[in-house]
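Novice: Before we start, here is the structure in question, set down as structure tokens.
The values are calculated or read from the model by the stated rules, or taken from the named source; none is laboratory data. What you see is a predicted model; the values in this text were computed from it and never measured. Because the Cβ atoms are built from the backbone with ideal geometry, glycine has one as well, and the counts that use them run over all protein chains shown.
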Ligand SMILES: C[S@@+](CC[C@H](N)C(=O)[O-])C[C@H]1O[C@@H](n2cnc3c(N)ncnc32)[C@H](O)[C@@H]1O
């Protein structure tokens with residue numbers, strides 16, 4: 001494993017400040033100075049690939065490269081390299097128990113439900129939601145009923161993780177937490193070049209659609225109000241004003257009575273919001 005300071009390019013304070021500011025402006029991620037060596041190490045690899053000699057040249061390149069979408073191409077690459085994408089199937093199991101026992105229990109499979117996994121990383125979270133919904137309706141479930149009524153939107157800023165998520169392919173060790181019957185029910189075992197991997201079955205993948213959404217956007221591309229939002233383990237990287245603004249936007253796109261899940265190391269204690277706390281990390285938009 002070669003990720004040493006030795007191979008890192010030198011960076012001046014003003015160059016680091018420019019990178020930090022750029023990252024904050026585009027993604028809301030507020031980097032602290034102790035992340036400098038991580039930033040330099042991850043981006044030095046990129047500089048080598050681009051055969052660039054300095055961070056000054058790289059910053060200039062970011063500024064000059066414009067993508068077809070109008071967003072700067074290299075900026076997307078930089079975000080991909082600097083974002084932290086750690087995730088897991090059924091991470092914070094208690095949220096999936098709450099979804100199953102308190103939100104889905106008395107619903108009919110044919111009753112529409114809209115769920116958003118915002119900042120979904122490589123897809124373990126939205127597929128865990130899909131498994132929870134599918135299993136909750138297992139007595140009534142028929143894919144032709146569930147598929148049009150349950151829609152799970154999964155989004156992230158990083159195109160790299162979204163591609164991974166949309167493939168639905170995971171290494172065996174990534175699904176080690178799942179019980180065998182669950183694994184058999186929801187995954188296909190890879191063979192040949194896919195040996196050692198599993199792929200989510202179609203009854204799950206048809207429930208989930210992937211889209212690149214930046215949580216910093218002024219408004220979200222959501223037309224139908226949502227029943228549930230999972231936004232876990234990303235707000236921790238945002239400063240308080242950014243968190244407050246995001247929580248306000250989530251409130252706006254949820255139905256009255258809709259539920260917001262946040263990460264276990266996150267809290268709405270220090271910010272202004274209009275939610276009612278049901279349990280720590282679980283909030284509800286009040287019914288008018
Ligand atoms: C640590 S992962 C959390 C994944 C999952 N929610 C979980 O709890 O397991 C954080 C994710 O947030 C994404 N992210 C960071 N800033 C974002 C932004 N401004 N808009 C959308 N996603 C963002 C990152 O790309 C990363 O995939």
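Novice: Are any of the residues in the stretch 206-218 away from the ligand (no atom under 16 Å from the Cβ) and either farther than 24 Å from residue 150 by Cβ or without any contact (Cβ under 8 Å) to a residue 24 or more places away in the chain (or both)?
Specialist: No, the stretch 206-218 contains no residue that is away from the ligand (no atom under 16 Å from the Cβ) and either farther than 24 Å from residue 150 by Cβ or without any contact (Cβ under 8 Å) to a residue 24 or more places away in the chain (or both).
Novice: In this structure, is residue 90 in contact with a helix residue (DSSP H, G or I) (Cβ under 8 Å, 6 or more places away or on another chain), at pLDDT 95 or above and within 16 Å of the ligand (Cβ to nearest atom)?
Specialist: Taking the combined requirement at face value, the residue satisfies it.
Novice: In addition: Quick one: which of 271, 222, 229 is in a loop (DSSP other than H, G, I, E, B) and within 16 Å of the ligand (Cβ to nearest atom)?
Specialist: 222
Novice: Could we say that residue 162 is modelled with pLDDT of 95 or more, assigned by TED's automatic domain parsing to the domain that holds residue 99 and under 21 Å from residue 134 (Cβ atoms) here?
Specialist: So residue 162 fails the test.
Novice: Okay, next question. Would you mind finding the one in 154, 130, 119 that is surrounded by 24 or more Cβ atoms within 10 Å (Cβ to Cβ), near the ligand (Cβ under 9 Å from one of its atoms) and under 18 Å from the mean Cα position of the chain (by Cα)?
Specialist: After ruling out the rest, the residue left standing is 119.
Novice: Now for a separate question. Among the listed residues 247, 229, which satisfies the condition of being in contact (Cβ under 8 Å) with a residue 24 or more places away in the chain and in contact with a helix residue (DSSP H, G or I) (Cβ under 6 Å, 6 or more places away or on another chain)?
Specialist: 229
Novice: Based on what the data block shows, is residue 77 modelled with pLDDT of 95 or more and either out of contact with any strand residue (DSSP E or B) (no Cβ under 9 Å at 6 or more places or on another chain) or within 13 Å of the ligand (Cβ to nearest atom) (or both)?
Specialist: Judged against the criteria, residue 77 is not a match.
Novice: Take residue 199 and tell me if it is without any contact (Cβ under 8 Å) to a residue 40 or more places away in the chain, touching a strand residue (DSSP E or B) at 6+ places or on another chain (Cβ under 8 Å) and surrounded by fewer than 20 Cβ atoms within 10 Å (Cβ to Cβ).
Specialist: yes
Novice: Report yes if residue 30 is surrounded by fewer than 20 Cβ atoms within 10 Å (Cβ to Cβ), under 21 Å from the mean Cα position of the chain (by Cα) and over 30 Å from residue 171 (Cβ atoms), otherwise no.
Specialist: yes
Novice: Taking the condition of being free of Cβ contacts under 8 Å to residues at least 24 places away in the same chain and over 15 Å from residue 113 (Cα atoms), how many residues in the stretch 128-166 meet it?
Specialist: The number of residues fulfilling the criteria is 3.
Novice: When you scan the stretch 13-130 for helices (runs of 4 or more DSSP H) that lie fully inside it, which ones turn up with 1 or more residues that are over 30 Å from residue 183 (Cβ atoms)?
Specialist: In the stretch 13-130, 13-27, 36-49, 55-64, 73-82 are the helices (runs of 4 or more DSSP H) which contain 1 or more residues that are over 30 Å from residue 183 (Cβ atoms).
Novice: Right, here's the next one. Can you find a residue that is over 25 Å from residue 101 (Cα atoms) and within 16 Å of the ligand (Cβ to nearest atom) anywhere in the stretch 186-202?
Specialist: no
Novice: Residue 138 - would you say it is surrounded by fewer than 16 Cβ atoms within 10 Å (Cβ to Cβ) and modelled with pLDDT of 95 or more?
Specialist: When the stated conditions are applied, residue 138 does not pass them.
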